[in-house]
1. What lysines does LYS302 reach when the alpha-carbon gap must be under 17 Å and sequence neighbours fewer than 8 apart in one chain are set aside?
2. How far apart, in nanometres, would the label points at ARG312 and ARG168 be if each is projected 7 angstrom from Cα along the Cα-to-Cβ direction?
3. Say each of THR35 and PHE158 gets a label point 7 Å from the Cα, pointing the same way as Cα to Cβ; how far apart are those two points in nm?
4. With the Cα gyration tensor of region 1-75 giving a ≥ b ≥ c as the square roots of its eigenvalues, does the rule (a/c under 1.5 for rounded; else a/b larger than b/c for prolate; else oblate) give rounded, prolate or oblate?
5. Taking a ≥ b ≥ c as the square roots of the Cα gyration tensor eigenvalues, with a/c under 1.5 meaning rounded and otherwise prolate when a/b beats b/c, else oblate, which class fits region 175-294?
6. Loop-only trypsin sites (Lys or Arg not before Pro) in region 323-390, please: DSSP not H, G, I, E or B, and at most 16 other Cβ atoms within 10 Å.
7. Would you mind calculating the gained length between ARG376 and GLU86 on full extension (0.36 nm times residue separation, minus the Cα-Cα distance), in nm to one decimal?
8. With runs of 4+ DSSP H residues as the only contributors, calculate the mean residue ellipticity of the chain at 222 nm using -39,500 (n - 2.57) per run, divided by the residue total and rounded to the nearest 500.
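None of the figures in this text is laboratory data; all of them are computed from the coordinates on show. Owing to the predicted nature of the structure, the values given are computational and were not obtained by experimental measurement. Backbone-built Cβ (ideal geometry, glycine too); neighbour counts: all protein chains shown.
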Amino acid sequence: MSSETLAARTPAVTTKLPAVGTTIFTVMSALATETGAVNLGQGFPDFECDPQLVHAVTDAMARGLNQYPPMTGVPALREAVADKIESMDGRRYDPATEITITAGATQAIITAVLAVVRPGDEVIVLEPCYDSYVPNIELAGGTVVRVPLVPGTFRPDFDRIAAALTPRTRAIIINSPHNPSATVWTREEMLRLQDLLAPTDVLVISDEVYEHMVFDGQRHQSAARFAALAARSFIVSSFGKTYHVTGWKVGYVAAPASLTAEFRKVHQFNVFTVNTPVQHGLAAYMADPRPYLELPAFYQRKRDLFRQGLARTRLRLLPSEGTYFQCVDISSVSDLPESEFCLWLTREFGVAAIPLSAFYADGFDQRVVRFCFAKRDETLNAALERLARL
Ligand SMILES: Cc1ncc(COP(=O)(O)O)c(C=O)c1O
């Protein structure tokens, strides 16, 4: 056979991620669109960001700031991030050697994992957890060690975390404020983690993307506030969450210089750098701290509006201490498993939610689903009207 008559054949590939399929987020969003349901499933705002932020970015574009920025991020943005962390959490990270701008928190997390996890290393995740953690660890050849948060309260269970630590444990991924449970770790819980890890070489990847959404006068307990914890942590955050621009996919990592050096070795070859005008725009916009300082009040008002409406339904409210999520117990409404309940709720009542089982590798079902309240008041009211019929 000559090369002109050869049949085209794509070689078969053995998947690296056999457990990964279409996520429930995609399924629920597609169903919400198809059925015209109010989409309180996937976590993103349905309102616009501050026009001044858009202006700052378009201004940077118009000024010709459109070529590759430094690999580590635009210096002004790294400086602004260092200033913000210092003012919020009292620790100064060196913008030159300890802060890196990333393509959202998602790229920050996988980059940290790839930088430090080797085949055979164990990495602890606390379930329920954000869906990228487990595949990230698997891609690095690591072994995922799942430790449940206490069912019902979703607090960390330090006895179980302690029992999961072995000489092979390389890292633990924590997330506070927590998606999906909307819990916020207390100072005491952070101190317990710090004490527990003190005799070990375990690293921490601290996913703090909802850092500016903490309610009822509580404060976000960043790993940066605890010297011994900060010394072993990659702290990850996302401008997408803080500034209502999830589609821009820009975030950052703060970590001690030696960890940042390893992080950047991977970063420069998996993304190299992050888009320039958005970085300049964010740097200019961050000069005013009010947008992030006012965020707790902004989201607390939405949370309260949503909770007041939900309290009039047969769904049982769980606490929402932070994030833009509200979980509810469905057991007094339906006997269906969580995921079937969400499909039924979307089709029959026109409101999309996410089952908590989607955040557990084994699909653990505790009759709890998650709503996102980062929505216009009219969207929340439309959803509440429908949920009142349950
Ligand atoms: C806990 C958590 N971590 C990380 C991310 C990803 O953030 P980004 O959009 O900046 O990649 C999300 C987004 O939903 C999240 O909820």
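1. Of all the lysines, those that pass the test against LYS302 - Cα under 17 Å, at least 8 places apart if same chain - are LYS241, LYS375.
2. For the pair ARG312/ARG168, the computed spacing is 5.5 nm.
3. That separation, rounded to one decimal, is 4.4 nm.
4. Taking the square roots of the gyration eigenvalues as a ≥ b ≥ c, region 1-75 is oblate.
5. Because a/c hits 1.5 or more and a/b fails to exceed b/c, region 175-294 counts as oblate.
6. Taking region 323-390 and a limit of 16 other Cβ atoms within 10 Å, the loop trypsin sites (Lys or Arg not before Pro) found are ARG376, ARG389.
7. 101.2 nm is the gain from fully extending ARG376 to GLU86.
8. Helix contribution divided over all residues of the chain: -11000 deg cm²/dmol.
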